[in-house]
Structures are given as structure tokens and as C-alpha cells.
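Novice: Just passing along the structure, written as C-alpha cells.
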Amino acid sequence: MKNRARLTALMAVCLATALPAAAQTYPERPVKLVVPYAPGGSADITARLVSDEWGKALGQSIVIENKAGAGGNVGVDSVAKSKADGYTIGLQTVSLAINPGLFPRMPYDTLKDLEPIGMVASSQHVLVVNPQLPASNVKELIALAKAQPGKLNYGSAGNGSTFHMSAELFKAVAGTEIVHVPYRGGGPALNDTIAGMVNMSFPVLSAARGMVESGRLRALGVTGPQRSPLLPNVPTIAEAGLPDYNFETWFMVFAPAGTPKAVIDKLNASLNQALGSPALKERMVREGFDPIPSTPAQAERRLAKEMPVWSKLIKDKGITTE
């Protein structure tokens, strides 16, 4: 019995020391970064912007794998169910906080099955209208919508998209009723806004910039807390007449729950080092992204704080994925 007890104690010590040793040599091979959307979207662009510089800081290449489906849930779930060794991680948008309130059945528990590594960046959307709409600013648009409840409409990239959620938040804060017209992607929604098939849209700023500058769309306000250098003459929606409004799409990287803390810390430190690179910062700003380095704890707090906010909005507005 004594020998068995000694053996059990020895095994426990070995297990306790194995993880730190593995973390010290991590990473010994390339790291897979799962993007839960098709190539070309904002999450994919963000991942590809940071992966090279992050890989250099980490000491291993970061290989991107696109795994789309169910508003990002398919790709995120694949990370949640991966081995918790730091070799499979994911990048998701603010939909990480939105989806638990949007989907009746989630394949993973966001706060229990995922381990935040850190924030990456944020990007703004912009409220654009067809130039023929008789509203030259946010206040005029709100007045027009209130004078004609349910007459105005907006196009989105689809149910549950950030286009959709930024518009629903606008409606909730402004107290207006504007009809949602979902499209299969942001491009068709923007094209129909230009054509006058829908009155307005809330696209990602970088996607709408050229159309605004050419006069095909009129920008009434950017959705974030400060003006964007890409459209410096366009006010924020808050300063244009809706002070309680603020919406940003953020991007967070995460690992499966149970990933050793030393591995999470190494991933976070190398990510923040990459985000501090002047060359990377310049590229990101040019593409419409603002780097936002953070600690894992800060990222986790942001996620936990925003989840109930979006859940309440979704319930109050009766928003569904259908």
C-alpha cells in the first residue's frame, strides 16, 4: 500500500511538472488560427493582417483555416472541441457576444468552453443612405423615420450580422421603426442602397468608403466613439444627434478552455508585441481597423459584459436568425 501511495504521488508530481515544461518549449510547430467565416470578410482580413507579424513574435508560423457556418458557430465550436494545447486557436468578431442570445441552441458554452487570449482590433460601421433620401444628417433621418413609422427600410448582410445588429441598436436608441431587409452578404445590400431599392444600410466603413467618396452614397455618421481617419469629415452618430449610440465590431482571439496559462500568456504577449509594430498598425488603420491590445482578463471581461446587453436587445426586439 505504501509503495502504491508513493507511485501515485510520483505520478501527480510528474503531471504537475509536465505542463509547465511543455509550455516552456511552446510552440514547437505552426499554430492553426480558425476564422469562422469565408475568405474576404472582415474577420478573415483581420486574421491575415496580423498573422505574419504575430507569427514572427511567437516564433512559429500561424496558419489560417476558414471554417464558415451558422454565423460563425461552426468554426468557433471546432476550436472549443480541439485539444487544449495552444496549437488550435480561433478569431471571432463581436458575434462571439451576440450569438448566445441569437441562437436558441448553441453547440458550445461561450464562457465555459473558450479561453480568451486577447483583443485584436475594432472597426467601425457607417450609416449610409441613398442620396435621394431627404435626410442630410442623423437628426433629419430620425425625424423622417418617426414621421413615417415602418415606411423606411435598411439592408443588411443577413440576419444576425453586424450590419443587422448595428441598425437594430440604432432603432432602439433612436426610438424608430425601420424595416429590416436581409441580404446574403453586405455587397448586395450596398448595391441596392445605391440603386434606391432600400433607403439605408450600416456597412463596414472600409467597404463603403469608396462609394461615399464618389457620391453614390451619403454618409450620415460612423458608429464608433470617435471619427475615422478614413472619413474624417463624417461625424460619429453620437455627436450627430444620438449621444447614447455606440457600436463597434471587435475581434478577439481565443483558445479551448483548459489551455495552460503559460501558453495563453505566451500567445497574448506575442500578439500584443505584433499589434505594437508601427508597420502593422499603419496597415491596419489603412484598412479601417484600430489595434486594441489587451490582457486575457480584459478580453474576458469585455465578452462577459457585452453578452447580456446583446441578449436583452435581441429578446426585446424579437430578433431571430430566420
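The values are calculated or read from the model by the stated rules, or taken from the named source; none is laboratory data. What you see is a predicted model; the values in this text were computed from it and never measured. So basically every Cβ, Gly included, is an ideal-geometry build from the backbone, and we count neighbours across all protein chains shown.
Novice: Criterion first (over 15 Å from the mean Cα position of the chain (by Cα) and crowded, with 24+ Cβ neighbours inside 10 Å) does residue 76 satisfy it?
Specialist: no
Novice: Among (1) of a type in the set (S, T, N, Q); (2) part of a loop (DSSP other than H, G, I, E, B); (3) touching a Leu at 6+ places or on another chain (Cβ under 8 Å), there is one condition residue 132 misses while meeting the rest; what is its number?
Specialist: For residue 132, the failing item is (3).
Novice: Given (1) in contact with a helix residue (DSSP H, G or I) (Cβ under 8 Å, 6 or more places away or on another chain); (2) under 24 Å from residue 321 (Cα atoms); (3) buried (at least 17 other Cβ atoms within 10 Å of the Cβ); (4) at pLDDT 95 or above, where does residue 183 come up short, assuming only one miss?
Specialist: Against the list (1) in contact with a helix residue (DSSP H, G or I) (Cβ under 8 Å, 6 or more places away or on another chain); (2) under 24 Å from residue 321 (Cα atoms); (3) buried (at least 17 other Cβ atoms within 10 Å of the Cβ); (4) at pLDDT 95 or above, residue 183 comes up short only on (4).
Novice: Can you tell me how many residues in region 33-56 are more than 22 Å from residue 288 (Cβ to Cβ) and touching a Gly at 6+ places or on another chain (Cβ under 9 Å)?
Specialist: 1
Novice: Of all residues in region 142-168, which are within 25 Å of the chain's Cα centre (by Cα), crowded, with 21+ Cβ neighbours inside 10 Å and either in the same structural domain as residue 40 (by TED's automatic domain parsing) or not polar (S, T, N, Q) (or both)?
Specialist: Those that are within 25 Å of the chain's Cα centre (by Cα), crowded, with 21+ Cβ neighbours inside 10 Å and either in the same structural domain as residue 40 (by TED's automatic domain parsing) or not polar (S, T, N, Q) (or both): 154, 155, 157, 160, 163, 164, 165, 167, 168.
Novice: Here's a follow-up. Quick one: which residue in 89, 64, 98 is closer than 19 Å to residue 164 by Cα and either touching a residue at least 12 places away in the same chain (Cβ under 8 Å) or assigned to a helix (DSSP H, G or I) (or both)?
Specialist: Of the residues listed, the single one that is closer than 19 Å to residue 164 by Cα and either touching a residue at least 12 places away in the same chain (Cβ under 8 Å) or assigned to a helix (DSSP H, G or I) (or both) is 98.
Novice: Which of the numbered conditions does residue 193 fail, given that it passes all the others? Conditions: (1) buried (at least 24 other Cβ atoms within 10 Å of the Cβ); (2) in contact with a helix residue (DSSP H, G or I) (Cβ under 8 Å, 6 or more places away or on another chain); (3) more than 16 Å from residue 123 (Cα to Cα).
Specialist: Only one criterion in (1) buried (at least 24 other Cβ atoms within 10 Å of the Cβ); (2) in contact with a helix residue (DSSP H, G or I) (Cβ under 8 Å, 6 or more places away or on another chain); (3) more than 16 Å from residue 123 (Cα to Cα) is unmet by residue 193, namely (2).
Novice: Identify the residue in region 270-297 that is more than 19 Å from the chain's Cα centre (by Cα) and of a type in the set (S, T, N, Q) and, among all such residues, is nearest to residue 223 (Cα to Cα).
Specialist: The residue in question is 277.
Novice: When you scan region 26-63, how many residues do you find that are at pLDDT below 95 and among the charged types (D, E, K, R)?
Specialist: Matching residues across region 26-63 total 1.
Novice: Only helices (runs of 4 or more DSSP H) wholly contained in region 222-322 count here; list those with 2 or more residues that are surrounded by 14 or more Cβ atoms within 10 Å (Cβ to Cβ), touching a residue at least 60 places away in the same chain (Cβ under 8 Å) and charged (D, E, K, R).
Specialist: Passing ranges, in order: 296-317.
Novice: If I filter region 24-61 down to residues being of a type in the set (Val, Ile, Thr) and either touching a residue at least 24 places away in the same chain (Cβ under 8 Å) or outside any helix (DSSP H, G or I) (or both), which single residue comes out as farthest from residue 249 (Cα to Cα)?
Specialist: Ranking the candidates gives 31 first.
Novice: Continuing with the same structure: Looking at residue 69, is it of a type outside the set (A, V, I, L, M) and at pLDDT 95 or above?
Specialist: Against the criterion (of a type outside the set (A, V, I, L, M) and at pLDDT 95 or above), residue 69 does not qualify.
Novice: Within region 182-211, which residues are touching a residue at least 24 places away in the same chain (Cβ under 8 Å), under 20 Å from residue 41 (Cβ atoms), outside any loop (DSSP other than H, G, I, E, B) and among the hydrophobic types (A, V, I, L, M, F, W, C)?
Specialist: Once the filter is applied, which keeps residues that are touching a residue at least 24 places away in the same chain (Cβ under 8 Å), under 20 Å from residue 41 (Cβ atoms), outside any loop (DSSP other than H, G, I, E, B) and among the hydrophobic types (A, V, I, L, M, F, W, C), region 182-211 yields 189, 190, 204, 205, 208, 211.
Novice: Going by the conditions given, is residue 292 modelled with pLDDT of 95 or more and not assigned by TED's automatic domain parsing to the domain that holds residue 92?
Specialist: The answer is no for residue 292.
Novice: Tally up the residues in region 262-282 that are over 16 Å from residue 118 (Cα atoms) and hydrophobic (A, V, I, L, M, F, W, C), please.
Specialist: The qualifying residues number 2.
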